[in-house]
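Presented below is the structure to which this report refers.
The values are calculated or read from the model by the stated rules, or taken from the named source; none is laboratory data. Since we're looking at a predicted model, the values are computed, not measured. Quick reminder, even Gly has a Cβ in these numbers, built from the backbone with ideal geometry, and neighbours come from all protein chains shown.
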Amino acid sequence: ARGILGPMTTTPADLTAAARDLFDASFGGEPDGVWSAPGRVNLIGEHVDYNGGLVLPMAIPQRTHAAVARRDDRTVRLVSGDSDVQTVQLDAVGPGTPGDWPAYVVGVLWALEQAGHTVGGADIAITSDVPSGAGLSSSAAIEACVALAVDELWGLGLGGDDAGRRELATACQRAENEVVGAPTGGMDQAASLRGREGHALELDCRTMEVEHVPFAHELLIIDTRAHHALVDGQYAARRRQCEEAAHDLGVELLADVPADGLDERLEAVSDPVARRRAHHIVTEIARVERSAAILAQGPDADLAELGRLFTASHVSLRDDFEVSCDELDVAVDAALSAGALGARMTGGGFGGSAVALVHPGESGPIVDAVVAAYRERDWTAPRTFLVTAGAGASRDA
Ligand code: GAF
């Protein structure tokens, strides 16, 4: 019994129709439109965004769809495929309120108001095939499709170009940081709103400037289905350790630390744990730069070298940054033994997904090897799927 491979069982058209149906069943009638936004996989550059370095994510074909109608009051009614209708008053939204998934939706409205835009209430029905809790940014996908819908329905004029989308991404990140209370960087929201089909996003997280790099290869995503506790606390702890190292090194951001003579430079970091965290960040940024140079070679790109960089990134995340877990390590090791060019955990870690770079048409044995390794350990079977770079957020209907 293989993991799920190949085409998705739902299509974007199915999900658009499902969002309309859910809207009608929950609120009655037609929405003003349906908008969608993708999850993302990060090729390389993990935990680098909040350290101001370069990252290389891409949008995936899996998307979250929102059927939305504008209201004349300040009430937001929202429903998703697996929850009942919830009602939130916009004036009650703020740091920590509301809890749970509605925070990702109304947090965006709140953040846009905080940025000086005029928005109001809405009825919102959400459907999605982005696996949640899988490290594939289902939360950024919700934020991004809601942001694009609100932008259009209130005439904010931001969704039509990259500069405007960058502002929407900032609002989405602020919703997540301040309303949800997760101290993330801005990579995921940028990938979801600014991604381009067939391209990875070379994102400079200091300036939030983007370059779209053609990337046509298929990637194998392995969702370990491991969801570890304490994730939020651990993520925040990593951020603090990076800030501590930057402080000891006398720089604002770890992206300011040159990679040459690193071990000597890092002697200035007094805490050995913070030193290892900084070692990961500085070496990871160098790996992203090399990966970007490889992708710039286009069809002649040296995929074997890119694969080695993937694997080195995993080792560094496992040993220096300590955000991997057994399920991710086993997935990576099994994929490599079965012939993957490279493999690594992707996203925040502590569970979630691994990504493997594979020769075209050769993912079957790799999936078999990962599934067998999980079966041997009596672990829940992983979910696997092949992806190519998908499009950023859009209006669909
Ligand atoms: C999560 C965060 F949301 C991102 O901002 C990023 O830090 C990532 O973990 C790690 O690279 O997805």
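Counting residues in the range 58-70 that are over 16 Å from the mean Cα position of the chain (by Cα) and either surrounded by fewer than 24 Cβ atoms within 10 Å (Cβ to Cβ) or part of a helix (DSSP H, G or I) (or both) gives one or more. For Pro31, the test of being assigned to a loop (DSSP other than H, G, I, E, B), surrounded by 21 or more Cβ atoms within 10 Å (Cβ to Cβ) and in contact with a strand residue (DSSP E or B) (Cβ under 8 Å, 6 or more places away or on another chain) is passed. Taken as a whole, the range 296-309 holds at least one residue that is of a type in the set (Lys, Arg), surrounded by fewer than 20 Cβ atoms within 10 Å (Cβ to Cβ) and more than 23 Å from Gly233 (Cβ to Cβ).
Residue by residue, here is whether (1) out of contact with any Gly (no Cβ under 9 Å at 6 or more places or on another chain); (2) under 22 Å from Pro131 (Cα atoms) holds:
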{"site": "Cys172", "(1), (2)": "no, yes"}
{"site": "Arg194", "(1), (2)": "no, yes"}
{"site": "Glu209", "(1), (2)": "yes, no"}
{"site": "His212", "(1), (2)": "no, no"}
{"site": "Ala226", "(1), (2)": "no, yes"}
{"site": "Ala236", "(1), (2)": "yes, no"}
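For the range 119-142, what are the residues that are in contact with a Pro (Cβ under 8 Å, 6 or more places away or on another chain) and within 16 Å of the ligand (Cβ to nearest atom)? Within the range 119-142, Val130, Ser138, Ala141 meet the criteria. Among all residues of the range 365-382, there is none that is within 14 Å of the ligand (Cβ to nearest atom) and in contact (Cβ under 8 Å) with a residue 60 or more places away in the chain.
What about Arg165, is it more than 15 Å from the ligand (Cβ to nearest atom), at pLDDT 95 or above, more than 30 Å from Ala226 (Cβ to Cβ) and part of a loop (DSSP other than H, G, I, E, B)?
No.
Apart from one condition, Asp263 fits all of (1) away from the ligand (no atom under 16 Å from the Cβ); (2) part of a helix (DSSP H, G or I); (3) surrounded by 22 or more Cβ atoms within 10 Å (Cβ to Cβ); the exception is (3). Restricting Gly45, Gly39 to residues that are within 16 Å of the ligand (Cβ to nearest atom), within 26 Å of Thr384 (Cβ to Cβ), assigned to a loop (DSSP other than H, G, I, E, B) and in contact with a strand residue (DSSP E or B) (Cβ under 9 Å, 6 or more places away or on another chain) narrows the list to Gly45.
For the subset of the range 383-396 comprising residues that are in a strand (DSSP E or B), over 21 Å from Ala301 (Cβ atoms) and not charged (D, E, K, R), which member is farthest from the ligand (Cβ to nearest atom)? Write out each step before concluding.
First pass over the range 383-396, keeping only residues in a strand (DSSP E or B): 383-387, 394-395.
Now narrow it down to the ones that are over 21 Å from Ala301 (Cβ atoms): 383-385, 394-395.
Applying the additional criterion that residues be not charged (D, E, K, R) yields 384-385, 394.
Details: Thr384: 20, Phe385: 19, Ser394: 22 Å.
Once the filter is applied, the top-ranked residue is Ser394.
Residues in the range 323-357 that are under 21 Å from the mean Cα position of the chain (by Cα) and in a loop (DSSP other than H, G, I, E, B): Val323, Ser324, Cys325, Gly347, Gly348, Gly349, Phe350. None of Ala293, Ala312, Ala246 is crowded, with 21+ Cβ neighbours inside 10 Å, part of a helix (DSSP H, G or I) and away from the ligand (no atom under 14 Å from the Cβ) except Ala246.
Here Ala340 meets each of (1) in contact with a Leu (Cβ under 7 Å, 6 or more places away or on another chain); (2) surrounded by fewer than 24 Cβ atoms within 10 Å (Cβ to Cβ) with one exception, condition (2).
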